[in-house]
Amino acid sequence: MSRQVDPNTNPLESAINTISESTLRSLFKELCKKSPEARRLATERLLVDASQEGDEFEADGHEAKDRRVPQPKPAAATLKRPVSRYATCENCTKEFDVTANSSKSCVYHPKDAEPEGEELFVDNYGEFDVDTPELREEFPHCFTFWCCESTLESNPDGCVIDWHRAVSETKKKRSRF
Ligand SMILES: [Zn+2]
Ligand SMILES: [Zn+2]
């Protein structure tokens, strides 16, 4: 059986769209090693100087006050303390640009939603586990956030607005996900 090839798509582009993340990462690293131009572009897009990142990322978790949001500078070659431009937020779990982070960037619930609604338990009587992604989607009004008592239906996004906070590398490795 031969695979169907859409004449409208570029074969290289569709290969990039379908390869696994680990293959893509090793290919990307190889490209950066072999091509100075690729290395320069990747550095420009992915790294910023630590001075652009701001103090709220310091290890003690202390928040910097009166912080200006710095603009990314393209001068990758002159970075004194290069750090990743993109990080994953430990509160909202989204990826964010550290140079565009502000005190209003992140919306999250400090506590997770717990299954509580009676309807959920009645409709799923005999189920071993009612806290599943499928049931969260099907019964959003039956999952209550402990922090603010809103539900997955009434306020799925969050009750706290804050800076995005980068997950540290050590935490990322220990995480189950
Ligand atoms: Zn909340
Ligand atoms: Zn966040």
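Computed from the coordinates by the stated procedures, all read-outs in this text should not be read as laboratory data. If you're wondering where the values come from, they're calculated on a predicted model, not measured in any experiment. Virtual Cβ from ideal backbone geometry, glycine too; neighbours counted across all protein chains shown.
Of the cross-linked pairs Lys29/Lys111; Lys34/Lys80; Lys29/Lys94; Lys29/Lys80, those separated by over 29 Å at the C-alpha level are Lys29/Lys111.
Working from label points 7 Å from Cα in the Cα-to-Cβ sense, the Leu46 to Asp157 distance is 3.1 nm. Scanning residues 5 or more positions from Lys94 or on other chains, those with amide H under 5 Å from its amide H are Cys89, with H placed 1.01 Å from N in the peptide plane. With a Förster radius of 35 Å applied to the beta-carbon distance between Ala100 and Asp129, the computed FRET efficiency rounds to 0.35. Per-residue 3J(HN,Hα) values for segment 95-111, derived from phi via the Karplus relation 6.51 cos²θ - 1.76 cosθ + 1.60 with θ = phi - 60°, read 7, 9, 8, 5, 7, 10, 6, 9, 5, 10, 6, 10, 10, 7, 9, x, 10 Hz in sequence order (x marks Gly and Pro).
Across segment 28-43, computed HN-Hα scalar couplings (Karplus, 6.51 cos²θ - 1.76 cosθ + 1.60, θ = phi - 60°) run 4, 5, 5, 4, 5, 6, 7, 10, x, 5, 5, 4, 5, 4, 5, 4 Hz from first to last residue, x flagging Gly and Pro. Each of Ala38 and Glu116 was given a label point 7 Å from its Cα along the Cα-to-Cβ line. The distance between the two points is 5.2 nm.
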